[in-house]
Structures are given as structure tokens and as C-alpha cells.
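The values are calculated or read from the model by the stated rules, or taken from the named source; none is laboratory data. Not measured: the values here are computed from a predicted model. Note that we place each Cβ from the backbone using ideal geometry, even for glycine, and neighbour counts take in every protein chain shown.
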Amino acid sequence: MKIIILGAGQVGGTLAENLASEANDITVVDTDADRLRDLGDRLDIRTVVGRGSFPTVLRQAGADDADMLVAVTNSDETNMVACQVAYTLFHTPTKIARVRESVYLTRSGLFSNEAIPVDVLISPEQVVTNYIKRLIEHPGSLQVIDFAGGKAQLVAVRAYYGGPLVGQELRQIRKHMPNVDTRVAAIFRRNQAILPQGDTVIEADDEVFFIAARGHIRAVMSEMRRLDDNYKRIVIAGGGHIGERLAEAIESRYQVKIIEMNPARCRYLSDTLDSTIILQGSASDRDLLVEENINDADVFLALTNDDEANIMSSLLAKRLGARKVMCIINNPAYVDLVQGGEIDIAISPQLATIGTLLTHVRRGDIVSAHSLRRGAAEAIEVIAHGDSRSSKVVGRAIGKIALPPGTTIGAVIRDEEVLIAHDNTVIESGDHVILFLVDKKHIRDVERLFQAGLTFF
């Protein structure tokens, strides 16, 4: 696939890295020559220096025969104009733009071929807000991913000493919970992936990914660890785009406080939000945290755009007694350093956004792709098409499908029903199949497996 990426920032750079490793023809455009040089030295890509919205620059980047344009510069306006130019002058088939400002996103009819021709809109702030909201709804989880509109969920939890299943084989799940169907998709032990079999024993501190219908998630979690009480009191450090959106989404169900430095921003937030309490000050001010009873907070969320400030205020909040601390970290090198110690969950906005982008790059009818374990693994939802003649999966039992190494099928969603995958489950045309890939280099094999042959057409 020939793809042009505009913007070599965090999202653009991470995307180029992911796509270049999958044998795509990638060109990255940016005004910063040094940044492009760094990328070009590391990856097998072309680079072009210039403004991504200029027709001459797009032509130089190969827009005449590009399959896709991904505009992820820091400017919403540049991204939108670039999509317009690509559509009008070069007839680029797929145009993806990052648009941050909600004033654009809330106007219906603005993004269409008759107005601004953007095929896919990506708002990282919204993606991250939804991600955090799901973590708050499932206390004790490390990652929660929705499939098929939320009918099934993939949840990561850390197994604890004393959990009913810890020290037992996986096949015991059925005996413990005869009425709940679930499947363990993968286990990460000391950062190594283990493909689960019936005789695999769960150890304490294992990171366990399981899939189940939405209504069964809490029951399965209780097998791995002691269930956390539902959260009530939430403190957010940083009242930027993400902090504001999150408070707006959850303030009706939780007691929310926002700590924000900027007085003008504080006034704006207090006018905009209904029941959230706004505090002006620094999240790393010990006296302020003590005064606001941080020891009673169920969750402390550090959501500023300064990684170091997020890490330090999270450590302080934990030390002062906050039950759970989560923080946003933009630098991918920091994420593995801090997660799992004092900081319960480190959230990487790029990785959350990359999943959304990858969905549109993948071949075959892939509905969604999600990065797991900070990019080490991937969960995808793909629709099976064709019949037993034209497809390698339709009409076959899961045990008979030749899956690539390190790939497991977790569940099949048929109409409204969630079927947890067993060896004798037969895949039908139109099924949404949820796969888990421990090794991302086999993604092409999975795509080929689900592509219907020519006889189907």
C-alpha cells in the first residue's frame, strides 16, 4: 500500500514505524528537516520536507498514485486543507485527518465529499477519553477494549495471590463458573507472551487477557483477583482537552475534582461543567492534595501534557494514600518504566490512536484493530466473508483453521450473540471474529486468511 503521512510528530512517527515494518511504501512529510532525518535513518521510508497542504509538496511525495493520505500534523486546518487538495487534485481514495477542536467535530455535514472530503476523522483526545472511561467503569482492569459495539470485551487484569484461579490450570475456569463462558486469549509473564492451553497454570503477577460477553466481565475478573469496589471519588490533574472531556463524560455518576494551574482555564471549566469541583493550583502541591483529602480518592488521574509532571504528581498522590493512580505518558520509552510499580496504569495516547489508524490500513474487512501491551501485541475484529469454497475460514471449525503462529481466536459475534471460541465452533459468513496476535509480524498472514477468494466475486 502506498501511504503518505503528513506530520512526523509522535503519532506520525509511531504510525510510520508500525506501517514500515509491514512492507508498505511510506512517505513522511514535515517542515522539520531534523526530525525527518532521524526517522529516515531508523526506518525504510521516503521523507519530503515541506508544508503538507501544498499541492507541489504532495505531488513530490507521490500523491498522484497514493492509496491513502494520513494527515496528523499539529494543525487541524493544515490537515483539513491537505485532504481537500488530495481529493480535488489527486483523487486520493482514502483520506484520514486528525482533528482536535471539538467546534469542528460537532458540526454535521462539514466532513463529506461535497464539503471537506475527509473519510476518517481521528480525535486522539476522544480516543483517550473513552479509553480512561472504560478503565474507570471496570475497577482493577489494566486495559478494556470493546468489540462489536460493546457486546464483547477484552479485559487485561493482573492475577493476584489469593485469587481463586491463581496456581490452577485454565481448564478449571469452567468448573468454577459453569454458567459463564470466557476464554483466556493470552498471558504475559515477566514480559514474555504465553499462548494459553488447557493445562497452563496461572501464576501470581501474570497479566491475563480474557474475552467474554459484556455482562460476564466482573464474574471472570473475580476469579483472577479480589474485586475492587466501584469507584466514587475521582481527582483529575490537568483541565486540558482530555481532562475536560473526561469530567463531562463521568461527572453525573462520580464525584469529580479537577486541579488546574491556569486561572482563566479554571473559570472556563467551572462555567462549562455542571457538578465537577474546580481547584486552582498545582497537582504536585502536597498541601493542596492533603487539604482535598487525596487519601479518600479512589482514582487519581494525571492528564497534563507534561510527562515528568504527570509521573511526579502520580507518585505523590499514591504516597499520600490515593487508591489507584493513572497517568498519561507521551514518551513511549517511559511507559514500560513506570507501569506496574507505584503507578498502576500508564496510558500512551499514541498507542491508543495508532489502533484507530491501523484499522483503516489493514487489508480484508477489518472492523477494528487495537494495540495491546504497549504495542507488543494486537487484537483485531475481522468479518468473515464468502463460502466454504472461496474462504479459508467460513464453514470450518476453529480447530481446523490453519492460524499463523502466536494467533488465537477469542470469540465469534453472530448477530446479537457472543460465542466464545472453542475448537468445534464453526465460522459462518458475516461473523465478526475476534483474534489475538502475540506476534504482530504475522498480521499479513491473518489478513490473507480472511480475504475471500475470486470465486466469491
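Could you check segment 306-346 and list, in sequence order, the residues that are outside any helix (DSSP H, G or I) and surrounded by fewer than 18 Cβ atoms within 10 Å (Cβ to Cβ)?
Passing the criteria: ASP306, LEU320, GLY321, ASN330, ASN331, GLY340, GLY341, GLU342.
For every residue, the table says whether it meets (1) surrounded by fewer than 19 Cβ atoms within 10 Å (Cβ to Cβ); (2) in a strand (DSSP E or B); (3) touching a strand residue (DSSP E or B) at 6+ places or on another chain (Cβ under 7 Å).
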site	(1), (2), (3)
GLU378	no, yes, yes
VAL382	no, yes, yes
SER390	yes, no, no
ILE409	no, yes, yes
ILE413	no, yes, yes
GLU428	yes, no, yes
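Which of (1) in a helix (DSSP H, G or I); (2) surrounded by fewer than 21 Cβ atoms within 10 Å (Cβ to Cβ); (3) in contact with a helix residue (DSSP H, G or I) (Cβ under 6 Å, 6 or more places away or on another chain); (4) of a type in the set (Ser, Thr, Tyr) does THR353 not meet, given it meets every other one?
Checking THR353 against (1) in a helix (DSSP H, G or I); (2) surrounded by fewer than 21 Cβ atoms within 10 Å (Cβ to Cβ); (3) in contact with a helix residue (DSSP H, G or I) (Cβ under 6 Å, 6 or more places away or on another chain); (4) of a type in the set (Ser, Thr, Tyr), the one that fails is (2).
Taking segment 245-260, which residues are under 14 Å from ASP298 (Cα atoms) and out of contact with any strand residue (DSSP E or B) (no Cβ under 8 Å at 6 or more places or on another chain)?
Listed by number, the list holds a single entry, ARG253.
Could you give me the residue pairs with C-beta distances under 8 Å whose first residue belongs to segment 165-178 and is closer than 15 Å to ASP205 by Cβ, whose second residue is part of a loop (DSSP other than H, G, I, E, B) and of a type outside the set (A, V, I, L, M) wherever it lies, and which are 6+ apart or on separate chains?
VAL166/TYR160; VAL166/GLU203; GLY167/GLU203
What pairs can you find where one residue is in segment 229-247 and within 21 Å of VAL290 (Cβ to Cβ) and without any contact (Cβ under 8 Å) to a residue 40 or more places away in the chain, the other is of a type outside the set (Phe, Trp, Tyr) and crowded, with 24+ Cβ neighbours inside 10 Å, and their Cβ atoms are less than 8 Å apart, with a gap of 6+ or different chains?
Matching pairs, first to second residue: GLY239/ALA247; GLY239/ILE258; GLY239/ILE259; GLY239/GLU260.
Please pick out the residue among ARG183, ARG190 that is over 26 Å from ALA317 (Cα atoms) and either loosely packed, with under 15 Cβ neighbours inside 10 Å or assigned by TED's automatic domain parsing to the domain that holds LEU435 (or both).
Criteria check complete, one pass: ARG190.
Quick test of your reading of the structure: ALA247 fulfils all but one of (1) within 23 Å of the chain's Cα centre (by Cα); (2) surrounded by fewer than 23 Cβ atoms within 10 Å (Cβ to Cβ). Name the failing condition by number.
If we test ALA247 against (1) within 23 Å of the chain's Cα centre (by Cα); (2) surrounded by fewer than 23 Cβ atoms within 10 Å (Cβ to Cβ), just (2) comes out false.
Just need a number here: residues in segment 196-227 that are assigned to a loop (DSSP other than H, G, I, E, B), surrounded by 15 or more Cβ atoms within 10 Å (Cβ to Cβ) and at pLDDT below 80.
1
Could you tell me which residue of segment 83-140 is farthest from VAL155 (Cα to Cα), considering only residues that are free of Cβ contacts under 8 Å to residues at least 12 places away in the same chain and of a type in the set (A, V, I, L, M)?
ALA115
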